[in-house]
2 protein chains.
Amino acid sequence: MMEKGISSVEVLPSKSSQVTAVKVVVKEPETKQTQRGKRVGFVLVHAGAGYHSESKAKEYKHVCKRACQKAIEKLQAGALATDAVTAALIELEDSPFTNAGMGSNLNLLGEIECDASIMDGKSLNFGAVGALSGIKNPVSVANRLLCEGQKGKLSAGRIPPWKTCLSSALCCVLFLFSSLEYAVGEGFSLAAFKRNKRKLELAEKVETDLIQLKKRRQSNEKENDSGTLDTVGAVVVDQEGNVAAAVSSGGLALKHPGRVGQAALYGCGCWAENTGAHTPYSTAVSTSGCGEHLVRTILARECSCALQTEDAHQALLETMQNKFIGSPFLANEDGVLGGVIVLRSCRCSAEPELSQEKPTLLVEFLWSHTTESMCVGYMSAQDGKAKTHISRLPPGAVAGQSVAIEGGVCRLESPES
Amino acid sequence: MMEKGISSVEVLPSKSSQVTAVKVVVKEPETKQTQRGKRVGFVLVHAGAGYHSESKAKEYKHVCKRACQKAIEKLQAGALATDAVTAALIELEDSPFTNAGMGSNLNLLGEIECDASIMDGKSLNFGAVGALSGIKNPVSVANRLLCEGQKGKLSAGRIPPWKTCLSSALCCVLFLFSSLEYAVGEGFSLAAFKRNKRKLELAEKVETDLIQLKKRRQSNEKENDSGTLDTVGAVVVDQEGNVAAAVSSGGLALKHPGRVGQAALYGCGCWAENTGAHTPYSTAVSTSGCGEHLVRTILARECSCALQTEDAHQALLETMQNKFIGSPFLANEDGVLGGVIVLRSCRCSAEPELSQEKPTLLVEFLWSHTTESMCVGYMSAQDGKAKTHISRLPPGAVAGQSVAIEGGVCRLESPES
């Protein structure tokens with residue numbers, strides 16, 4: 001097994017002064033021994049596009065690192081891409097620093113309502129939950145929906161309760177009615193109810209919060225944005241070259257109950273699509289940022305489509321500039337706020353100097369954002385630990401009007417079986 | 001004012017034996033006098049793609065006719081395209097024969113939960129409700145969301161409760177919590193609760209229904225499909241050339257509570273987009289059929305994009321064949337069931353023989369379906385009454401695998417002001 005390390009960062013010139021295009025360049029591995037028999041795979045995660053203060057940078061990076069490790073552990077154990085991506089999301093949801101799962105913003109009633117979705121590039125199945133209360137890890141339910149989606153239909157042609165294709169379906173109300181029963185029946189942890197209790201007790205404080213939030217926004221808009229934009233997500237490619245993507249969000253602070261954002265909506269929060277007859281690359285995308293902007297531009301799917309052209313970096317940059325910031329659907333917005341992580345892979349012949357024809361998986365990964373910053377982490381199954389990074393707009397660039405884009409390449413060789 | 005009548009139907013040859021391409025051809029008006037000072041506009045409605053039995057054909061046509069008239073009345077009174085399309089939808093929702101509003105299927109708890117959405121081609125705003133209970137006309141709420149969407153943000157950066165860009169946002173849970181309060185506060189009719197009571201009393205019959213439905217499906221699949229597929233919708237172009245589209249659905253019979261289908265989801269149930277820098281045509285689309293199939297293919301938006309090429313008929317046919325029936329996202333489905341109505345318009349110079357340069361609006365309208373049948377109606381502001389039609393797959397064609405496509409052209413000349 002040979003895997004290339006990602007070891008240097010090079011700043012590229014850019015046509016637009018408002019674009020910072022930093023390319024992480026691959027270097028040849030130096031002394032790394034080819035490892036046989038170990039599974040390969042790659043994960044890229046994010047802890048939100050928004051504003052990550054220097055004071056909390058360490059925590060954001062740490063949770064990204066742990067999320068990468070969880071996904072890689074799964075891949076090394078032979079798990080599917082969807083299970084690996086779920087493992088990463090659970091770790092991200094469990095952090096009190098992210099706006100997902102445990103750390104979610106409270107709505108106007110002082111309650112937590114989460115959105116999450118997951119897509120499997122192989123089956124193209126999709127599972128989603130919207131405005132979900134009382135479940136510790138929304139992504140687990142979305143993944144469950146996705147799995148159930150493979151199992152066919154119930155009697156009388158009814159859609160099974162957990163069938164994803166149920167339609168890319170939001171089961172929000174189902175959960176309001178019966179999340180407790182379901183949690184018990186299906187083995188989900190009820191501990192969430194207790195753990196969330198502290199937050200629910202804050203309900204009475206909501207009116208006060210609203211006033212405080214308003215004041216804070218006036219005095220320090222950045223800090224507040226940080227609270228509203230840090231959805232989490234991950235993209236994975238496994239041993240077989242299958243891709244998966246997932247996203248999870250607690251939604252806007254003080255949102256109205258029932259408000260569902262991009263993380264629950266097909267094509268908007270995540271996208272994964274294995275290579276096919278008309279798609280030379282397998283692609284996986286996860287988005288973060290202002291729900292309205294991500295939904296109106298159906299950004300995850302838009303990025304996936306664009307990544308079928310040869311130059312992934314250029315394709316993503318143009319998408320962020322023309323289909324996101326420049327979208328006619330957002331013409332009346334002051335600024336367009338969002339970020340994406342993308343991964344694409346294709347099988348290619350091994351390098352000439354390697355005499356044996358091993359199947360090689362070329363993985364290109366990128367992140368791009370129009371927000372002040374975006375925290376990412378990435379790791380391949382052969383790395384000892386994850387790399388993490390807080391990407392920031394360059395000084396002078398205007399959030400909502402400028403694009404930052406960075407990324408790297410990784411070549412994975414399947415182990416000899 | 002001159003307006004061309006649509007008066008003959010011509011069967012076109014088709015490359016595929018599985019495609020029936022019927023073109024409604026425009027004929028010159030014979031003696032119709034140019035009417036001055038009257039407003040122009042056009043509406044196309046559908047009462048679902050599914051199976052419309054001969055025995056109920058009259059009712060389906062009748063409701064389509066009334067819906068067209070309601071929209072045209074609005075247009076003649078100078079209403080916006082969105083208000084005209086809403087008026088058509090209200091009429092369709094109020095019919096007991098359609099699966100929307102009043103006539104909606106019951107879910108597993110014996111309750112009615114509706115999805116509806118509306119899109120304004122001018123502002124590109126979108127309003128949607130999902131799994132909405134206790135409101136007589138879901139489309140009215142979606143339209144309200146759309147209108148509120150224009151009004152900017154609340155204090156503290158919160159999204160206003162009814163802001164559409166709230167995002168293409170499903171307000172399902174909001175309605176479960178507070179539909180009664182909202183209905184009172186916002187002036188929506190509460191009569192729906194009484195009128196729905198009869199249906200709600202059927203709740204206890206659900207288990208029996210399930211068994212009966214199963215038996216019926218075994219004995220007569222078509223009749224059952226009829227019950228599950230008849231979402232309603234409409235597309236409109238107004239005096240100014242603005243387009244709007246809307247869709248409303250009661251969802252699958254015996255669905256799980258909270259199940260949200262294409263009618264609530266951005267890009268899937270309806271789409272409207274005025275002409276712009278990169279879009280020579282204004283387009284409006286409304287879909288019907290199997291929610292899963294329509295969502296996975298994001299069919300409304302897909303049709304809208306395709307309609308920017310020159311030949312609308314060919315573009316729609318290819319979309320239905322390649323992006324719907326042939327979609328890789330539906331590769332594992334036995335058949336792909338759906339239907340669309342589309343309208344596109346562009347301003348063009350008046351015909352050479354007319355010496356005066358009046359602004360002329362060329363409106364092309366089409367419907368296409370892979371289901372057994374689709375019931376449509378259409379009317380221009382200058383018509384005395386609407387035309388209605390039940391389009392059927394030709395004998396021998398297989399539902400889910402064949403495409404029927406029909407349509408026509410209408411030229412609208414703005415009155416002299």
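The values are calculated or read from the model by the stated rules, or taken from the named source; none is laboratory data. Predicted model only: the values in this text are computed from it and were never measured. No Cβ is skipped: glycine too gets one built from the backbone with ideal geometry, and neighbour counts run over all protein chains shown. Note: areas computed on protein heavy atoms with side chains; ligands, DNA, RNA excluded. Shrake-Rupley method; radii C 1.70, N 1.55, O 1.52, S 1.80 Å.
Report whether or not B:Leu265 is closer than 16 Å to B:Ile118 by Cα and within 11 Å of chain A (Cβ to nearest Cβ). Against the criterion (closer than 16 Å to B:Ile118 by Cα and within 11 Å of chain A (Cβ to nearest Cβ)), B:Leu265 qualifies. The residue pairs whose first member lies in segment A:120-135 and is at the interface with another protein chain (Cβ under 9 Å from one of its Cβ atoms) and over 16 Å from B:Gly130 (Cβ atoms), whose second member is open to solvent by 20 Å² or more (accessible area, probe 1.4 Å) and modelled with pLDDT of 90 or more, and whose beta carbons are closer than 6 Å, counting only pairs six or more residues apart or on different chains, are A:Leu124/B:Phe329. Is it the case that B:Thr279 is facing chain A (nearest Cβ under 9 Å), surrounded by fewer than 22 Cβ atoms within 10 Å (Cβ to Cβ) and within 23 Å of B:Gly41 (Cβ to Cβ)? In short, yes. For segment B:286-300, the criterion of a residue being of a type in the set (D, E, K, R) and within 14 Å of another protein chain (Cβ to nearest Cβ) is satisfied by at least one position. Suppose we filter B:Glu318, B:Glu310 for residues that are open to solvent by 30 Å² or more (accessible area, probe 1.4 Å), among the acidic types (Asp, Glu), in a loop (DSSP other than H, G, I, E, B) and at pLDDT 90 or above; which single one remains? Answer to the selection: B:Glu310. Taken over segment B:322-336, the residue count meeting the criterion of being within 12 Å of another protein chain (Cβ to nearest Cβ) and assigned to a loop (DSSP other than H, G, I, E, B) is 6.
Within segment A:323-340, the only residue that satisfies the criterion of being among the hydrophobic types (A, V, I, L, M, F, W, C) and surrounded by fewer than 19 Cβ atoms within 10 Å (Cβ to Cβ) is A:Ala331.
Residues in segment A:84-111 that are at pLDDT 70 or above and within 14 Å of chain B (Cβ to nearest Cβ): there are none.
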